[in-house]
1. How much accessible area per residue does the chain have, in Å², with a 1.4 Å probe?
2. Just to be sure I understand, if you calculate P(r) over Cα pairs in 10 Å bins from 0, in percent for this structure, which of (i) 22, 42, 26, 9, 0; (ii) 23, 45, 30, 2; (iii) 24, 53, 21, 2 do you get?
3. So between residue 55 and residue 28, what do we pick up on full extension, going 0.36 nm a residue minus the alpha carbon distance?
Amino acid sequence: MTKPQAAVITSGLSATIRTPEGTTWEGITGGVIPSAEESEAVNILIGTADGSPVCGA
């Protein structure tokens, strides 16, 4: 997402990840990591409240 979009994301928000196949995983937002590219893009870390893997792996 862009930096302005990421500015409204706080840690602990509910997040749902949906795969192209339709599988969904529930998690919570964590930190923001700037993209390695020189663009406005950033990455949002997704985790779980208890520290378990989001994907169930």
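The values are calculated or read from the model by the stated rules, or taken from the named source; none is laboratory data. No experiment lies behind these values; they were computed from the predicted model shown. Each accessible area value is taken on the protein alone, full model and side chains, heavy atoms only, with ligands, DNA and RNA left out. Shrake-Rupley method; radii C 1.70, N 1.55, O 1.52, S 1.80 Å.
1. 72
2. Working out P(r) over Cα pairs in 10 Å bins from 0, in percent from the coordinates points to (ii).
3. Stretched out fully, the residue 55 to residue 28 stretch lengthens by 8.5 nm.
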